[in-house]
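The values are calculated or read from the model by the stated rules, or taken from the named source; none is laboratory data. Predicted, not measured: the structure shown is a model, and the values here were computed from it. Glycine gets a Cβ as well: all are built from the backbone with ideal geometry, and neighbour counts include every protein chain shown. Just the protein is used for accessible areas: all its heavy atoms, side chains included, with ligands, DNA and RNA removed. Shrake-Rupley method; radii C 1.70, N 1.55, O 1.52, S 1.80 Å.
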Amino acid sequence: MVRNERSVEGVLERIFRSAKATKTKGDVAKYIPELASVDPDRFAISVCLSDGRQLSAGDVSTPFSIQSVSKVFTLAIALGRRGESFWQRVGREPSTNAFNSLQELEVRQGIPSNPFVNAGAIVTTDTILAGSSPAEALAEILLFVQTAASDSGIRIDPSVAESEKLSGHKNWALAHVLAAYDNLAHSCELTLGTYFHHCAIAMTCEQLARSGRFLAGFDTGPQLVRASSVRLINALMLTCGHYNGSGEFAYRVGLPAKSGVGGAILAIVPGKASIATWAPGLDSNGNSLLGTAALEELSHAMGWSVFVRG
Ligand code: GLN
């Protein structure tokens, strides 16, 4: 069946209307005080298609904290550094516990399950810090995101970073466990300071959808990563991008995707689309409740899945 761009627009409008009408929206993240005040009624969805068009619905121009979606970009940068022993320091297996589980890190003797759980992302940030100051590393991460999104206006929200620095006790604990197992090259302060700041990148839904085009294989100018890295990142997004909810997400949506506790999800339809959703209410695994429902509806309506012929 040929599905044209008009039909995408119709589906997005329908998704937007049903999201607005839904009463059960989940709970916003409260452990980062700055995120606790975000309006749970916000909803946005945006889709970049292979022909260069971008279609959107909802609060698409309101910036939000991308949080763990930033781990996609830091992984891309870390994989771009040849000669690193990255995969000796981080696993590639889905996690069975929460994204900030100390127990899982302890059981695995300081080797995080994958680069998307917090401990794995902290090691990834530590890798990027090699040979750079935190300011230089953050400038590199921000430039990567700005280039991916074709928007030099994207910024870090320092108040969100500060909020997490003061209240992110589990992340401090994870960093110290990593250090105890000799899996951090830099101090907990330097590594977490950099990590909290890249999690605090603020983007609109439209910017976030554009930032995933390199993972959909679209030609958007400068090549950000090698094709082999795209393959690895998408595989990890599918298996680990929603933490211990990744199996459920693959079952319902069938696309590589990464969530963040700010309520964002970035989902990739290889060769066809880069999709971003934003709905701040989360499910019990810390993934956006309405964002997942929206992607489920869109992927079914469009026949988008990595598991079936499109
Ligand atoms: N900055 C958040 C944290 O470290 C990111 C977690 C997330 O988005 N799942 O807890």
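Okay, here's what the table says:
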| quantity | calculated |
| --- | --- |
| Matching residues in region 36-54 - criterion: being of a type in the set (A, V, I, L, M) and surrounded by fewer than 21 Cβ atoms within 10 Å (Cβ to Cβ) | 36, 38, 49 |
| Filter result for residue 12 (in a helix (DSSP H, G or I) and under 20 Å from the mean Cα position of the chain (by Cα)) | no |
| Residues satisfying the stated conditions in region 53-92, i.e. away from the ligand (no atom under 16 Å from the Cβ) and free of Cβ contacts under 8 Å to residues at least 40 places away in the same chain | 82, 83, 85, 87, 88, 91 |
| Only listed residue being within 20 Å of the chain's Cα centre (by Cα) and farther than 30 Å from residue 218 by Cβ, chosen from 168, 131, 110, 153 | 168 |
| Residue selected from region 76-93 under the condition surrounded by fewer than 21 Cβ atoms within 10 Å (Cβ to Cβ) and in a loop (DSSP other than H, G, I, E, B), by the criterion farthest from the chain's Cα centre (by Cα) | 83 |
| Matching residues in region 60-75 - criterion: being outside any loop (DSSP other than H, G, I, E, B), farther than 18 Å from residue 243 by Cα and either open to solvent by less than 10 Å² (accessible area, probe 1.4 Å) or out of contact with any Leu (no Cβ under 8 Å at 6 or more places or on another chain) (or both) | 64 |
| Region 138-167, residues that are in contact (Cβ under 8 Å) with a residue 60 or more places away in the chain and in contact with a strand residue (DSSP E or B) (Cβ under 9 Å, 6 or more places away or on another chain) | 138, 141, 145, 149, 157, 160 |
| Tally of residues being free of Cβ contacts under 8 Å to residues at least 60 places away in the same chain and open to solvent by 10 Å² or more (accessible area, probe 1.4 Å) across region 189-199 | 2 |
| Matching option when the condition is modelled with pLDDT under 95 and either more than 16 Å from the ligand (Cβ to nearest atom) or charged (D, E, K, R) (or both), among 224, 255, 232, 215 | 224 |
| Residues (within 19 Å of residue 164 (Cβ to Cβ), polar (S, T, N, Q) and assigned to a helix (DSSP H, G or I)) located in region 94-126 | 118, 124, 125 |
| Filter pass, residue 147 being under 17 Å from the mean Cα position of the chain (by Cα) and within 15 Å of the ligand (Cβ to nearest atom) | no |
| Some residue of region 97-119 being among the hydrophobic types (A, V, I, L, M, F, W, C) and free of Cβ contacts under 8 Å to residues at least 40 places away in the same chain | yes |
| Scope region 16-41; condition acidic (Asp, Glu), closer than 18 Å to residue 62 by Cβ and either under 19 Å from the mean Cα position of the chain (by Cα) or part of a helix (DSSP H, G or I) (or both); matching residues | 34 |
| Candidates 183, 171 - the one that is of a type in the set (S, T, N, Q) and either assigned to a helix (DSSP H, G or I) or touching a strand residue (DSSP E or B) at 6+ places or on another chain (Cβ under 6 Å) (or both) | 171 |
| Residue within region 101-122 that is open to solvent by less than 30 Å² (accessible area, probe 1.4 Å), farther than 21 Å from residue 247 by Cα, modelled with pLDDT of 95 or more and within 14 Å of the ligand (Cβ to nearest atom) present | yes |
